[in-house]
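Each remark here refers to the structure printed beneath this line.
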Amino acid sequence: MIQEHQTSPRRSADTTRAAILRSARERFAAHGYERTTIRAIAADAGIDPSMVMRYFGSKEQLFDTALAIDLQMPDYTAVPRAELAEAVVRHFLERWEGAAADDPLLITLRSAVTNERAAERLHEVFARQVAPSLAAAIGPETAARMGGVLSAQLLGLALSRYLIRLPAIAALTPDQLVARLAPAIRATLDGDGSERPDPE
């Protein structure tokens, strides 16, 4: 473990920042937001707790920085409408299958159960990434209106399969999950049908 008081003259700001972020991700993954402390993160990084505050200002800001979430949403405009639901489910399964324990999305989901800021952050991520990705395929109004329902469905999948690990869900293969979830996702994406693009 690196001791900050011994090496601070030679330890670069980038190295210190990276050590804090690495320790924060590990702590948030293992203990969630509420039980993770600045003191514990600092101890893991080998620095004084004041250094964490100096670089990130607060535990909340550290959480936001350490757990930047990129859903890696694809361009769905070329996907046939009949195949869109399957494509969405498969994308998220591929995004999560084999994800490390410190995957930012799963850590944030775990913390969101008890922390309001983490829950708000999930809302923001899905609103800013999922809805825009789908807008061109299903229309902006439908995407905005139904995005919340779609997010609930996808987060429910992540919670039950990767965090709670419900046996009935965890035992299914990705292909089986796609087959079972796609009809519900398709109904959500169709909305009321008022904005469905004309078939080509």
Close pairs from segment 173-190: first under 15 Å from H91 (Cα atoms), partner outside any helix (DSSP H, G or I) and of a type outside the set (A, V, I, L, M, F, W, C), Cβ under 7 Å, at least 6 apart: P174/E97
Check on E124, within 23 Å of F28 (Cβ to Cβ), surrounded by fewer than 20 Cβ atoms within 10 Å (Cβ to Cβ) and without any contact (Cβ under 8 Å) to a residue 24 or more places away in the chain: yes
Residues of segment 50-107 classified as touching a residue at least 24 places away in the same chain (Cβ under 8 Å), open to solvent by less than 40 Å² (accessible area, probe 1.4 Å), assigned to a helix (DSSP H, G or I) and under 26 Å from Q176 (Cβ atoms), total: 10
The lone exception for P197 - which of (1) touching a Lys or Arg at 6+ places or on another chain (Cβ under 6 Å); (2) at pLDDT below 85; (3) not acidic (D, E) it fails: (1)
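Can you tell which of T142, T173 is surrounded by 20 or more Cβ atoms within 10 Å (Cβ to Cβ) and polar (S, T, N, Q)?
Matching residue, one of T142, T173: T142.
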Residues of segment 145-167 that turn out to be among the small types (G, A, S) and buried (at least 18 other Cβ atoms within 10 Å of the Cβ), as a count: 3
Which listed residue, of A82, A66, A127, is over 20 Å from the mean Cα position of the chain (by Cα), over 26 Å from A170 (Cβ atoms) and of a type in the set (A, V, I, L, M, F, W, C): A82
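The values are calculated or read from the model by the stated rules, or taken from the named source; none is laboratory data. Note that the structure is predicted; figures quoted are calculated from it, not measured. Note that each Cβ is placed from the backbone with ideal geometry, even for glycine, and that neighbours are counted across all protein chains shown. Accessible surface areas use protein heavy atoms only, side chains included; no ligands, DNA or RNA. Shrake-Rupley method; radii C 1.70, N 1.55, O 1.52, S 1.80 Å.
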